[in-house]
1. Does Gln81 satisfy being out of contact with any strand residue (DSSP E or B) (no Cβ under 9 Å at 6 or more places or on another chain), modelled with pLDDT of 95 or more and over 12 Å from Cys95 (Cα atoms)?
2. Search segment 4-38 for residues being open to solvent by 50 Å² or more (accessible area, probe 1.4 Å) and touching an Asp or Glu at 6+ places or on another chain (Cβ under 7 Å), and hand back the single one that is farthest from Tyr94 (Cα to Cα).
3. Which fully enclosed strands (runs of 3 or more DSSP E) of segment 1-118 have 2 or more residues being without any contact (Cβ under 8 Å) to a residue 24 or more places away in the chain?
4. Within segment 63-118, which residues are open to solvent by less than 10 Å² (accessible area, probe 1.4 Å), closer than 16 Å to Gly15 by Cβ and not charged (D, E, K, R)?
Amino acid sequence: QVQLVESGGGLVQPGGSLRLSCAASGSIFNIYTMGWYRQTPGKQRDLVAVIGSGSMVNYADSVKGRFTISRDNAKNTVYLQMDSVKPEDTAVYYCNAFLRRTRETGPANYWGQGTQVTVSS
């Protein structure tokens, strides 16, 4: 089994900062990409940021220049540094990993349980 465990969500004031972490554990052969998605009630889950094993990164336009994604390959952990947050950043944030569990199995997507981020004064 593979588990993704997120931490770091909570309440933050507009203009403030928050750091999310997500650690992958279990039977893992190789992780190709790790990323963060977010979802608000009644809407689809959207990409926030994604990082590849070679430090390739991609951001949603709405967070460029404010959020920074990074990754510690030795710890199978991805981080999302959220700066200058806005009320519209309020959502449940989900960690994602696209990985291969064994050399013989194909890659698949795995998700964390989600962590609530609320931006409010």
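1. It is false that Gln81 is out of contact with any strand residue (DSSP E or B) (no Cβ under 9 Å at 6 or more places or on another chain), modelled with pLDDT of 95 or more and over 12 Å from Cys95 (Cα atoms).
2. Filtering first and then ranking leaves Ser17.
3. 46-52, 57-59, 67-72, 108-111
4. Scanning segment 63-118 gives Val63, Phe67, Met82, Val85, Val117.
The values are calculated or read from the model by the stated rules, or taken from the named source; none is laboratory data. Note that the structure is a prediction, hence the values are computed from the model and not measured. Neighbour counts run over all protein chains shown; Cβ positions are idealised from the backbone, glycine included. Areas reflect the complete protein model, heavy atoms only, side chains present, ligands, DNA and RNA absent. Shrake-Rupley method; radii C 1.70, N 1.55, O 1.52, S 1.80 Å.
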